[in-house]
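Readers should treat all values here as calculations from the given coordinates under stated rules, not as data from a laboratory. The shown structure was predicted, so the numbers you read here are calculated from the model rather than taken from an experiment. With ideal geometry, Cβ positions are generated from the backbone for all residues, glycine too; neighbour counts draw on all protein chains shown.
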Amino acid sequence: MISRYYAHSAESANRRDWHRLSVHLEDTAERAAAFLDIAGLAEIGRAVGLLHDLGKYAPEFQTRLDGGSRVVDHSTAGAKAAIERYGDKLGKLLAFCIAGHHAGLANGVNGEQITALADRLQKPIPHLDPVWRGQISPPKPPARSSLKPRDRDSLGFCAAFFIRMVFSALVDADFLDTEAYFDRLDDQEKPRGQHPGLRELSGRLDAYLDALTESAKAGNVNMLRREVLGHARQRAAEPPGLFTLTVPTGGGKTLTSLAFALNHAVYHGLARVIYVIPYMSIIEQTASVFRDALRRDDADAADFVVEHHSTFDEDQIKNREAKEKLRLAMENWDAPIIVTTAVQFFESLFSNRPSRCRKLHNIANSVIILDEAQTLPLKLLRPCAATIDELARNWRASIVLCTATQPALGQKDGFDGGFEDLRELAPDPKRLYRTLERTRIRQQGTMDDRHLAARLSAERQVLCIVNTRRHARELYESMCKSEGACHLTTLMCARHRHETLETVRARLNDGAPVRLVATSLIEAGVDVDFPVVWRAVAGLESIIQAAGRCNREGRASVGDVFVFDDGRKLPTEIEQSADVARSVMRRYEDDPMSLEAIQRYFQELYWHAGDASLDTRAILRMLGERATSLDFPFETIAKEFRLIETPMVPVIVPYRGADGNDETAERLVDELKWVERPGRIARRLQPYVVPVPPSARGSLLSANAATVVREADFGMQFVVLSNFDLYRPDVGLTWDDPTYRAAEGLVV
């Protein structure tokens, strides 16, 4: 007869400091209830928290804690109990969460790597000691659901989203309570939640912006930036929901959207601001802008701005120590301001893994700014839009679609499942576009690299943006002897790109020659101001973003943006958008950057694509078809929902900076060789990472041009370039010949 049941064990033989099971269940339930209270689902959180480790009331599990070797399923018992208590509908929804709180959300039927929920519920489980009924008391079933589906067709999506949010609250609550127990054992406490409040941060930003406004030079651009900022601030009291901020490039969208978000969050008691950026190449820059604006003084570390990248996948790290497992889950976004990528944001919302899902409940009750909203990928546009709508409809989130080229996602635009109530934060966008018109688009037809290089070399200061990294390098190398020629792509690590941009800006300000060849990474949020820009044909949104790098400060009466066809086969992902852009630019030849042209472009783009092509993985259909059975295929959807079809993998480059004195990356790589917890180092290595295709990294490893750090512990997460001759100071990483060695390096 077992007198006491435990959730976690310690080293002591007398068990006095072991984690009591009833205490763990109650504490986890309280945390989960608090997380879900904002949606009126506190009792749901309490229920899953109390039942999640019910299987630990089996004597077999207690033997396991005593050192037994037999693995015991401790999750299925709680899932079965949920169905017994809450019925085949609500009980099944909760059973997904309880059964998957370690392994992940499974398919309802037909499991892949994870056993399907239906099979789990049929398997025999160890007998539970009836004492559990006297120690925990799950709440009664709620009278009705507080969630309101958009319409009948969205019932399945709404129910699946509910499961993800409850799952997130349970996983995070379980993690935090277990972490707190082990911290008490070690006589330490994590410094969680010790951040300035949103009201204080809002005050800091207001003071910063007021000072910035006073010091800004007089002129139309700065006057309009002040007007946009003031108007958005005044809208902060608007009820939470869906907003747009439609402002031409250079109109101050970044800080204006942050100012609205902080004021809006304070007014309505929302918990945080989440800033979602399309490209990882500018995430560090944006976070730095926010820290500068919100830092109280030089002593303030401004660690309340959390950057969450997805370069290193901590879920793949292989460390067998029980306590270490607790520290490998991704951050739960419990901070005032989160800066993240669209890949991390949306893929997490469709993930089934505990580590990626634990932050989802903290997306609720937040202000979410989708920067460059037009970059949402066509192939998953409808599921992304459904997610945005669901967050605003049922999870008390406000979403701001922030861009100079607003996608036509409203119901009035004819978009299937479009947003019903979009409120604009900018004052009279049409007038803003007319007033801030600083460029003209001129089409140049087809142009080969020889003629293009000659035209670029004839300009003193010019930016040319092409569609692929290969083309950027080839074009640069054809004109690299021109004074001020330089190159910018993601084959350069972020630290290197930052240096290059600083050099470019300095030459622009000094009036020195600068001829920059870049990929589209420079279009989103990179503050450069060229008198002339050339852009290879692409979608209209890309062309207009490129125009935003031309005459940005209005120094000239008008700046020229030349659009050309490079004669190359367009990448598949932009082929259709380029065709539609050509059509719209012909129709709106006099003003292809007008709001009317932009709206027509997106409407035609979505019409040509068709509904099926806006959800190529049939995510919405999979969820809709299972609205009655509730057998949602979470594992399958997590595998299918990928914003990037061929995900890049990281290669760490120990880049020493232009002056050769930066030893940061080398020092961090050395630390990886012995450190127990690599998460901190992984984040600090982000500026020294180059994303490459898996095949390219494989070639580097095969040629011994790169090495893997502690593969047995960390898998393939930390691959470090060892042949530094493959990293050029002008173009970054090259792998055409991974065995290449510079001649001077071969001298003995």
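Quick notes on this structure:
- Theoretical ellipticity at 222 nm over the chain - DSSP helices of four or more residues, -39500 (n - 2.57) apiece, nearest 500: -12500 deg cm²/dmol
- Neighbour cut-off at most 10 other Cβ (10 Å), DSSP loop, trypsin sites (Lys or Arg not before Pro), segment 645-748: Lys673
- Neighbour counting of Cβ atoms within 10 Å sorts the residues Ser202, Ser168, fewest neighbours leading, into Ser202, Ser168.
- Segment 646-718: GluC sites (Glu not before Pro) in DSSP loop, at most 16 other beta carbons within 10 Å: Glu663, Glu676
- Subset of Lys92/Lys359; Lys56/Lys80; Lys92/Lys123; Lys379/Lys639 violating a 18 Å alpha-carbon distance limit: Lys92/Lys359
- Folded to 0 to 90 degrees: helix 595-609 orientation relative to the chain principal axis, Cα: 60
- Per-residue 3J(HN,Hα) values for segment 47-52, derived from phi via the Karplus relation 6.51 cos²θ - 1.76 cosθ + 1.60 with θ = phi - 60°, read 4, 5, x, 6, 9, 5 Hz in sequence order (x marks Gly and Pro).
- Antiparallel DSSP beta bridges within the chain, as percent of all bridges there, nearest 5: 20
- As a proxy for reagent exposure, ranking Ser577, Ser3 by other Cβ atoms within 10 Å from fewest up yields Ser3, Ser577.
- Aspartates and glutamates whose Cα lies under 13 Å from that of Lys481, excluding same-chain neighbours fewer than 8 positions away: Asp730
- Segment 442-506 and segment 337-379 have Cα centres spaced 33 Å apart.
- Cα gyration tensor shape of segment 649-746, rounded if a/c is under 1.5, else prolate or oblate by comparing a/b with b/c: oblate
- Bridgeable aspartates and glutamates around Lys140 (alpha carbons under 18 Å apart, same-chain partners fewer than 8 residues away excluded): Glu26, Glu30, Asp37, Glu43, Glu84, Asp88.
- Fully extending the segment from Lys148 to Arg15, taken as 0.36 nm per residue of separation minus the present Cα-Cα distance, adds 43.1 nm.
- Separation of alpha-carbon centers, segment 569-634 and segment 395-431, rounded to whole Å: 16
- Förster radius 60 Å - calculated FRET efficiency between Arg296 and Glu474 (Cβ-Cβ, nearest 0.05): 0.80
- Footprinting exposure proxy for Asp662, Asp615, Asp730, Asp448 (fewest neighbouring C-beta atoms within 10 Å first): Asp448, Asp730, Asp662, Asp615
- Those GluC sites (Glu not before Pro) in segment 471-503 that DSSP places in a loop and that have at most 13 other beta carbons within 10 Å: Glu483
- Cα-centre dipole for segment 649-746 with unit charges at Cβ (Lys and Arg positive, Asp and Glu negative), debye to 20: 380
- The Cα center of segment 1-24 and the Cα center of segment 95-125 differ in position by 27 Å.
- Distance (nanometres) between label positions extended 7 Å along Cα→Cβ at His451 and Val675: 5.3
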